[in-house]
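Structure first, commentary second.
The values are calculated or read from the model by the stated rules, or taken from the named source; none is laboratory data. What you see is a predicted model; the values in this text were computed from it and never measured. Every residue, glycine among them, receives a Cβ derived from its backbone with ideal geometry; neighbour counts consider all protein chains shown. For accessibility, only protein heavy atoms count, side chains too; no ligands or nucleic acids. Shrake-Rupley method; radii C 1.70, N 1.55, O 1.52, S 1.80 Å.
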Amino acid sequence: MGQGVLTGPFPRVGGTVHCGEVSAEDLAERFGTPLYVYDLAWIRGRVALFHAAFAGVDHLLAYSVKANGNLSILRELHALGCGADITSGGELFRAIRAGMSPDRIVFAGVGKTWEEIEAALDHGILAFNVESRAELERIAEVARGLGVRARFGVRVNPDVLAPTPHRYTATGHAATKFGVPWTETRELYAWALEQEHLAPVGIDVHIGSQIVDPDPYVRALDRVLELAGELRQMGVGLEYLDIGGGFGISYDDGPGLDIALLASRVVPRVAEAGLRLLLEPGRSLVGDAGVLLTRVQYLKRSEEKTFVIVDGGMSELIRPSHYGGYHEIQLVTSPEGRKAQTVDVVGPICETGDFLALDRTMEMPAAGDLLAVRTSGAYGFAMASNYNGRRRPAEVLVDGRDVRLARRRETYDDLIRGEA
Ligand code: LLP
């Protein structure tokens, strides 16, 4: 199978969905369901696409670990030259364990604790992306205690409203908790310039998630570049400009963000400013490289609806119920003569909100069928929980014909670990 000619991951080969060269039926047989499966070759292709698009400027892909923090994936991304965008001490731990270099790690988030700041400084991360004055004061104090200078950039809130599919994933406008208000930014840098233990080296912006239009990025970038010019005049030794992540992918037939188009507008501007460009892609590197395989347990009909009850639900993939997220669902093997019907695909959790799809018209599954829930590589396992006593699923990495268990399925003992 020529990987090079595939236009999408998880193609149907001989009537059955495959990952790389391995049939999804075989993977489910071997590892059980529900099961997360990732196509490593596809992830490599995504990283290569970003590197090629942004080749015209010194850049760092700081992969957003929150999208999928599996160690094997982090290790692979590290090998491909990526760093990390982290948001907690736990993600720092993961990134370091995966062998990522601290000097390629940026740390964002509005609630960094003393311990988290200390750990990041101990490792010598590239920079903190700072979200408030109070946080920066704390960083300065921790740095003083350790006798180091903390490198940071301010995450500015550019007050750009980027259309995102759900209001929970918009961040770049003034009504969210993220970033420092535009009007307070200069003052904060000015204060920092006088602090012995602070080194202002960057400027950062992140406008939201699942954005498919380059325009809001360019609008935010232009505002930030103007600010960068002013900061330099104030004597700030800026090294990097971080445009965050949020690059949208295609969940249905609609287009994802055109990365080459985005780059064609971003690269010249940042190169001209003589800054290193940081990008924080999460979903756009791993999202469509993953599927959730789940098996149909029962069919059930009420007067109004037909339910396809599967063995994975909101505990495995919360995006449909939390954000109204759309995930295409396919029969892994599509037998002849199955008619299309409109169904709700629901999980076993005791919540009415436990569904993978509502009113979905699809080839009618039968009990025992295997379903592939597409585009689940980002914010799938990462948001999985043990609710209802569920054991989090296994994760498998496929590379061509090579199959690796990247995380074993949790056991009942895992469920009570740490309890008295
Ligand atoms: N950088 C920062 C500062 C972020 O807050 C995020 C995501 C990213 C980068 C990466 O965004 P991405 O490229 O993956 O879109 N759970 C939601 C998405 C939440 C995103 C939170 N921040 C979902 O499933 O759609």
Which GluC sites (Glu not before Pro) in the stretch 243-319 sit in a loop by DSSP (not H, G, I, E or B) and have at most 15 other Cβ atoms within 10 Å of their own Cβ? GLU303, GLU304
Can you tell me which lysines have their Cα less than 24 Å from the Cα of LYS66? Leave out same-chain residues fewer than eight positions away. LYS112, LYS177
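At 222 nm, what value in deg cm²/dmol follows for the chain if DSSP H runs of at least 4 each add -39500 (n - 2.57) and the sum is divided by all its residues, to the nearest 500?
On the way: 12 runs with 121 residues, N = 420.
Theoretical 222 nm ellipticity from helices: -8500 deg cm²/dmol.
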Taking the chain as a Gaussian network, Cα atoms linked when under 10 Å apart, which of ALA372, ALA84, ALA228 shows the biggest mean-square fluctuation? ALA228
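Give me Rg/Rg_expected for the stretch 277-412, where Rg uses Cα atoms only and Rg_expected = 2.2 N^0.38 Å with N residues. Intermediate values should be presented prior to the final figure.
On the way: Rg = 15.5 Å, N = 136, 2.2 N^0.38 = 14.2 Å.
Cα-based Rg divided by the globular estimate yields 1.09.
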Per residue, how much accessible area does the chain show when a 1.4 Å probe rolls over the protein heavy atoms, in square angstrom? 42 Å²
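What relative contact order, as a whole-number percentage, does the stretch 40-284 give when Cα pairs under 8 Å and 6 or more residues apart are counted? Mind dumping the intermediate values first?
Details: 489 pairs, mean separation 51.9, N = 245.
Reported as a whole number, the value is 21 percent.
From the gyration tensor of the Cα coordinates in the stretch 237-317, what semi-axes in whole Å does the equivalent ellipsoid have, largest first, with each one equal to sqrt(5λ)?
Ellipsoid semi-axes (Å, largest first): 43, 14, 9.
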Please check: in the Gaussian network model of the chain (C-alpha springs, under 10 Å), which one of GLY145, GLY244, GLY325 has the largest mean-square fluctuation. GLY145
Residue by residue, what Karplus-based ³J(HN,Hα) values in Hz, rounded to whole numbers, does the stretch 382-387 have, using 6.51, -1.76 and 1.60 with θ = phi - 60° and x for Gly and Pro? 4, 10, 6, 9, 9, 3
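For the chain, give the percent of accessible area contributed by carbon and sulfur heavy atoms, probe 1.4 Å, rounded to a whole number. If you can, show how the numbers build up before the last one.
Details: 8580 of 17560 Å².
Here it works out to 49 percent.
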With no solvent and one equal point scatterer placed on each C-alpha of the chain, evaluate the Debye formula and give log10 I(q)/I(0) for q = 0.08 Å⁻¹, two decimals. -0.46
Cα-based shape type of the stretch 40-284, given that a ≥ b ≥ c are square roots of the gyration tensor eigenvalues and the cut on a/c is 1.5: oblate
Taking the chain as a Gaussian network, where each spring joins two C-alpha atoms under 10 Å apart, which residue of ARG133, ARG46, ARG301 fluctuates the most? ARG301
What is the Cα radius of gyration of the stretch 343-420 over 2.2 N^0.38 Å, N being its residue count? 1.33
